[in-house]
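The values are calculated or read from the model by the stated rules, or taken from the named source; none is laboratory data. Please read these numbers as outputs of a predicted model, since none were measured by experiment. Ideal geometry is used to build each Cβ from the backbone, glycine not excepted, and the neighbour counts take in all protein chains shown.
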Amino acid sequence: MSVSYYVVLAAALFTIGAVGVLIRRNAIVLFMCIELMLNAANLTLVTFSRINGTLDGQIMAFFVMVVAAAEVVVGLAIIMTIFRTRRSANVDEANLLKY
Amino acid sequence: MSLALETLAQSTVPTGEVVTFWILAPIALACALGMVLARNAVHSALFLVVTMLCLGVFYMVQAGPFLGFVQIIVYTGAIMMLFLFVLMLVGRDSAEAVIEVLRGQRIAAVVLGGGLAALLGTGAVRALRATTATGLEAANADGNVQAIAQLLFTRYVFAFEVTSALLITAAVGAMVLAHVTRPKAERVGQTARMLARFAPGGSPAPKPGPGVFATSNSIATPALLPDGTPAERSISAVVPTRDLTPEEAAPKGTQGNQEGQQ
């Protein structure tokens, strides 16, 4: 086994997340799939950091985590707002920017 | 298993790491699949937690203990709890639509996903097959946290500062989005509330609590008025009213004993 296995695992996780975004309809589950893709990208960053022998990849993964946290906070607030007006977390039903 | 043993023989990473990988990677993949396929959104969230924990262990194994713990604390601790909070607020059983708006979208998504996985996987394997990891022993000589702090506060200090602006913007944005502005006419002041309480039809005293009797202390049991009729106002409107079954309405043994003693 070489470190490339980690990259293959990350590719598989990323694909599962991408397929999940395409086939699921619940906005919150879609968000979780996006989180899974971000995590897969983080795994590649950490692996590449190890391959290169520098810590820059880990720093980048750290920043990805920070951005993901901010994104989740705002995204979930938007989902809450949409749910409050439309009584539904289904992404197919939210087809207007206002009302 | 033979594949695992074969790879163990020509492995460029320590044996313990290989074992960890072959145990945790299938769990991570299975839970990621479970997250996508689970009907219940709460189950999806819990599956994702397991996947993230596995990834946290991978970070620690790959000489990134700081990131591993940040992953566990921030992702599984904070972000996934936020997800669960919102799931409970939105209603965890908000039904998933079965109707396909675009015909054949799901099958197409799965097929294209398989293609994407093959492309990414083969590309990564071809590019990295002969690569040996330099390893982070030199970079982590003074400790992983110290090394990351050194980089973070020198080369990446500007990005770090920008991050603080991002976090403040996100917090303000969440507050603005979650805030509900009520028109001033709908707001009821203390004076208006007091007047309504003492006006005819209002009740100056608190509402009566539900009944607590020897036979029942359920909040669904109404209190009795002086004339023996149940006080409907003592039951919360949220509690569904239910009729007692004959077994429940039948006299309990305690009542029989009391009558016998009398």
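Scanning the range A:16-33 for residues that are of a type in the set (A, V, I, L, M) and more than 14 Å from B:VAL86 (Cβ to Cβ) yields A:ILE16, A:ALA18, A:VAL19, A:VAL21, A:LEU22, A:ILE23.
Of all residues in the range A:34-43, at least one satisfies being part of a helix (DSSP H, G or I), among the β-branched types (Val, Ile, Thr) and either under 23 Å from B:LEU89 (Cα atoms) or at the interface with chain B (Cβ under 7 Å from one of its Cβ atoms) (or both). Among the residues of the range B:147-154, are any surrounded by fewer than 12 Cβ atoms within 10 Å (Cβ to Cβ) and either modelled with pLDDT of 85 or more or not assigned by TED's automatic domain parsing to the domain that holds B:GLY68 (or both)? Yes, the conditions are met somewhere in the range B:147-154. Each residue in the range B:148-159 was checked for being within 8 Å of another protein chain (Cβ to nearest Cβ) and touching a Phe, Trp or Tyr at 6+ places or on another chain (Cβ under 9 Å), and 4 pass. Applying the set (1) free of Cβ contacts under 8 Å to residues at least 60 places away in the same chain; (2) facing chain A (nearest Cβ under 8 Å) to B:VAL162 leaves exactly one unmet item: (2). Listed by position, the helices (runs of 4 or more DSSP H) contained in the range B:34-141 that have at least 2 residues being within 9 Å of another protein chain (Cβ to nearest Cβ), in contact with a Ser or Thr (Cβ under 9 Å, 6 or more places away or on another chain) and touching a residue at least 40 places away in the same chain (Cβ under 8 Å) form an empty set. Count of the range A:84-93 residues, restricted to those that are facing chain B (nearest Cβ under 8 Å) and either of a type in the set (Val, Ile, Thr) or touching a residue at least 12 places away in the same chain (Cβ under 8 Å) (or both), is 3. Residues considered: A:LEU96, A:LEU22. Of these, the only one that is surrounded by fewer than 20 Cβ atoms within 10 Å (Cβ to Cβ), more than 7 Å from every other protein chain (Cβ to nearest Cβ) and more than 16 Å from B:LEU67 (Cα to Cα) is A:LEU96. Within the range B:209-221, is even one residue within 14 Å of chain A (Cβ to nearest Cβ), among the hydrophobic types (A, V, I, L, M, F, W, C) and assigned to a loop (DSSP other than H, G, I, E, B)? Taking every residue of the range B:209-221 in turn, none turns out to be within 14 Å of chain A (Cβ to nearest Cβ), among the hydrophobic types (A, V, I, L, M, F, W, C) and assigned to a loop (DSSP other than H, G, I, E, B).
Residue-wise test of (1) of a type in the set (D, E, K, R); (2) loosely packed, with under 11 Cβ neighbours inside 10 Å.
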{"residue": "B:LYS184", "(1), (2)": "yes, yes"}
{"residue": "B:ARG187", "(1), (2)": "yes, yes"}
{"residue": "B:THR191", "(1), (2)": "no, yes"}
{"residue": "B:ALA199", "(1), (2)": "no, yes"}
{"residue": "B:PRO210", "(1), (2)": "no, no"}
{"residue": "B:THR215", "(1), (2)": "no, no"}
{"residue": "B:ALA220", "(1), (2)": "no, no"}
{"residue": "B:LEU224", "(1), (2)": "no, no"}
{"residue": "B:ALA231", "(1), (2)": "no, no"}
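Please work out which residue is farthest from the chain's Cα centre (by Cα), limiting yourself to the range A:69-99 and to residues that are among the small types (Gly, Ala, Ser) and modelled with pLDDT of 85 or more. The qualifying residue farthest from the chain's Cα centre (by Cα) is A:ALA77.
Of everything in the range A:53-81, what is crowded, with 19+ Cβ neighbours inside 10 Å, more than 7 Å from chain B (Cβ to nearest Cβ) and within 16 Å of B:LEU177 (Cα to Cα)? Give them in sequence order. Of everything in the range A:53-81, just one residue is crowded, with 19+ Cβ neighbours inside 10 Å, more than 7 Å from chain B (Cβ to nearest Cβ) and within 16 Å of B:LEU177 (Cα to Cα), namely A:GLY75. Report yes if some residue within the range B:183-197 is in a loop (DSSP other than H, G, I, E, B), over 34 Å from the mean Cα position of the chain (by Cα) and at pLDDT 90 or above; otherwise report no. Looking for residues that are in a loop (DSSP other than H, G, I, E, B), over 34 Å from the mean Cα position of the chain (by Cα) and at pLDDT 90 or above, one finds none in the range B:183-197, hence no.
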